[in-house]
Amino acid sequence: MSKIRLDKLLSNTGFGSRKEVKSIIRAGRLRIGDEIIYDPGYIVDIDSSDVYVDNERISYRKYYYLMMNKPAGVISATFDPDSRTVLDLVPSTYRHVSLFPVGRLDKDTEGLLLLTNDGQLAHRLLSPKRHVPKTYYARIEGIVDHEDIDTFRAGIELEPGFTTLQARLEILGLSEDTGISEVSVTIYEGKYHQVKRMFKAVGKRVLYLKRISMGGLQLDESLPAGAVRELSQAELDILMND
Ligand code: URA
């Protein structure tokens with residue numbers, strides 16, 4: 001049984017601030033079944049009641065799961081005193097939800113970012129014990145070679161006492177003219193600036209970085225940079241089973 005105050009239910013489902021939803025309720029626009037309820041503090045069992053506002057059925061959702069194609073230039077945090085954050089890109093229809101990004105991408109990194117209010121799922125995906133794979137597309141200054149692939153596979157000591165798990169590096173393209181390589185790299189943990197530091201350790205520099213997947217969840221390439229959409233049920237099932 002899920003019991004909740006009517007004013008909380010409406011503000012959690014996007015009908016406005018607590019003050020705004022109180023006036024909706026007091027105006028007689030809300031009914032449970034056939035009965036109009038005027039008391040914003042009325043407690044309703046949302047699993048067994050049909051709640052309507054202006055004849056629109058209210059369905060309460062506890063958790064939201066959004067995929068963002070993060071653009072460069074925004075911070076993966078819920079607040080930053082100086083810069084725009086990924087939450088500034090979330091449409092206002094979700095403003096009533098306490099979303100947060102699952103893990104961090106650097107300000108200049110693009111691509112797949114999951115936003116949710118489901119702390120348990122986030123915890124599971126980020127747990128260092130679970131080794132959830134994250135795959136990135138990168139453009140690298142320097143010609144990536146088989147020695148680099150072996151070094152990534154062996155693990156790289158990034159700081160005293162921390163050696164990365166084996167990482168999979170794949171060469172997608174090389175340009176001897178420009179000296180730039182295109183690669184795919186999969187890592188199984190998420191240390192600060194990890195991909196950039198791994199390339200630095202082999203004497204190369206990341207020029208561009210984009211996350212393509214996290215666990216079984218793939219970036220929807222039709223999602224423009226900065227756009228957000230809800231995960232499909234199939235995508236959610238994949239994540240829940242990761
Ligand atoms: N590795 C990095 O260096 N930066 C990111 O944003 C993600 C992984």
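List of remarks:
- Among D177, D150, D80: highest mean-square fluctuation, GNM of the chain, C-alpha pairs under 10 Å: D177
- Computed magnitude of the charge dipole of region 121-242 (debye, nearest 20; Cβ of K, R +1, Cβ of D, E -1): 520
- Nearest-20 debye value, the chain charge dipole, Cβ charges on Lys, Arg, Asp, Glu: 860
- Reach of K3 by Cα under 22 Å, taken over lysines that are not fewer than 8 positions away in the same chain: K19, K22, K62
- Maximal additional length on extending the I32-S92 stretch stands at 18.9 nm, based on 0.36 nm per residue less the C-alpha distance.
- You can think of it this way: the chain between D39 and A225 has 62.6 nm of extra reach, that is 0.36 nm per residue less the Cα-Cα gap.
- Its Cα centre serving as origin, region 3-57 has a Cβ charge dipole (Lys and Arg +1, Asp and Glu -1) of approximately 340 debye.
- Selection of chymotrypsin sites (Phe, Trp or Tyr not before Pro), region 159-242, meeting DSSP coil and at most 14 other Cβ within 10 Å: Y192
- Annotation for D108 and Y188: the two label points, set 7 Å from Cα along the Cα-Cβ direction, are 2.9 nm apart.
- Backbone HN-Hα couplings from phi across region 92-107 [Karplus 6.51/-1.76/1.60, Hz, Gly and Pro as x]: 5, 4, 9, 5, 7, 9, 7, 6, 8, x, 8, x, 10, 10, 4, 4
- Between region 146-205 and region 49-104, the alpha-carbon center distance in angstrom: 33
- Under 15 Å, Cβ to Cβ, from N117 - net charge with Lys/Arg +1 and Asp/Glu -1: +3
- Cross-link partners of K196 among lysines (Cα-Cα below 25 Å; sequence separation of 8 or more within a chain): K70, K107, K129, K134, K204, K210
- Of all the options L158, L219, L113, the one that moves most in a Gaussian network model of the chain with Cα springs shorter than 10 angstrom is L158.
- Of S181, H123, S2, farthest towards positive along the dipole that unit charges on Lys, Arg, Asp, Glu beta carbons give the chain: S2
- Listed by chain and number, the aspartates and glutamates placed with their C-alpha closer than 13 angstrom to that of K191 are D106, E157, E159; residues fewer than eight positions away on the same chain are left out.
- Dividing the summed helix terms, -39500 (n - 2.57) for each DSSP H run of n ≥ 4, by the number of residues in the chain produces a 222 nm estimate of -5500 deg cm²/dmol to the nearest 500.
- Gaussian network model of the chain, Cα within-10 Å springs - most flexible of R18, R168, R104: R18
- Charge dipole of the chain about the Cα centre (unit charges at C-beta), most positive-ward option of I75, L105, Q218: I75
All of the numbers you see were taken from the coordinates with simple rules; none came from a lab. Computed from a predicted structure; not experimentally measured. Note that each Cβ is placed from the backbone with ideal geometry, even for glycine, and that neighbours are counted across all protein chains shown.
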